[in-house]
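The values are calculated or read from the model by the stated rules, or taken from the named source; none is laboratory data. Everything numeric here is computed off the predicted structure, so don't read it as measured data. Cβ placement follows ideal geometry from the backbone for every residue including glycine, while neighbour counts extend to all protein chains displayed. Just the protein is used for accessible areas: all its heavy atoms, side chains included, with ligands, DNA and RNA removed. Shrake-Rupley method; radii C 1.70, N 1.55, O 1.52, S 1.80 Å.
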Amino acid sequence: EWLDQGYFWEAGSPACQRPGVECSDSGKVTSIRLPSLGLRGPLIPELGFLGELHSLDLSNNFITGFVPSEFRFVDKLTDFNIKGNQLQGVIPVLLCITEGINSNGVGPEATNFDLLYTCDNIACARGTYSDFGRAIVPTEEDVDGTQCMPCYDDEATYFIGRDSCTDILIGGLQFRQDDIRHGVVYTIFALFTLAFIIHLVIMARRRKKYVLSENESRSAQHPNPLPLQRQDSPLSVEDDEYEEYSDDDWTAADSETGTLTKKVEMTDKLPAIA
């Protein structure tokens with residue numbers, strides 16, 4: 001699949017006549033440059049048997065699968081660019097120690113050995129990135145060159161050779177853009193929820209204050225709404241209608257029969273109740 005139909009390869013056409021392919025005078029393929037053309041599919045191992053190939057640029061396509069270890073057989077391969085694809089896995093170890101590919105193993109004498117021979121010189125590992133999709137071997141002493149830096153976005157997590165990262169640096173700390181986006185959404189939701197709860201609390205307090213105010217107003221208008229007893233009730237009896245009595249008020253007959261008789265003198269008789 002090609003985004004640029006001008007690079008379309010017809011089946012059976014001579015390799016050296018295909019767009020993006022360069023050959024030597026002897027007809028050997030020396031360079032394949034097909035960047036940003038929407039190429040899909042895996043890297044075929046047969047490319048590793050092009051003995052005169054010195055440049056292979058398949059950057060910024062949709063190539064999937066893994067990097068074949070057969071590329072270590074290309075002795076003259078010096079420029080190997082696979083950044084910006086959807087390649088997974090790891091770089092084959094034998095390819096990582098092959099000298100010459102992307103200046104792997106080539107540098108000043110005092111250069112750290114770990115920087116000279118590393119898989120990052122072929123392509124940045126998963127979870128890392130650089131602007132070139134790989135590390136750059138130092139060309140001078142006491143210079144670190146370009147190293148693959150940590151990246152936590154989704155593409156860098158799954159694919160190798162990433163040349164961009166959507167992470168954001170805040171105060172020297174690195175955050176995933178997706179995490180920041182989700183954090184902002186959660187924060188806004190939490191603030192709305194808190195504001196709603198505060199609104200409910202305020203409304204409840206206002207309601208309580210209103211009810212208390214209404215009760216006080218009704219109490220002021222009706223100081224004794226439910227009297228215990230009407231003063232003019234015919235059943236009311238004054239306390240002075242009863243007399244206190246003592247042991248002298250008991251008669252002998254009462255003592256013999258066990259009947260208790262209370263002598264009470266009343267000024268007025270209680271009205272009869274039907």
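Of note:
- I32 vs. criteria surrounded by 13 or more Cβ atoms within 10 Å (Cβ to Cβ), over 19 Å from F159 (Cα atoms) and either of a type in the set (V, I, T) or modelled with pLDDT under 90 (or both): yes
- Some residue of region 169-182 being open to solvent by 60 Å² or more (accessible area, probe 1.4 Å), closer than 25 Å to F132 by Cα, modelled with pLDDT under 80 and assigned to a helix (DSSP H, G or I): yes
- Residues satisfying the stated conditions in region 39-77, i.e. over 33 Å from the mean Cα position of the chain (by Cα) and of a type in the set (S, T, N, Q): S55, S69
- Lone unmet requirement of (1) small (G, A, S); (2) closer than 17 Å to S55 by Cα; (3) touching a residue at least 40 places away in the same chain (Cβ under 8 Å) for G89: (2)
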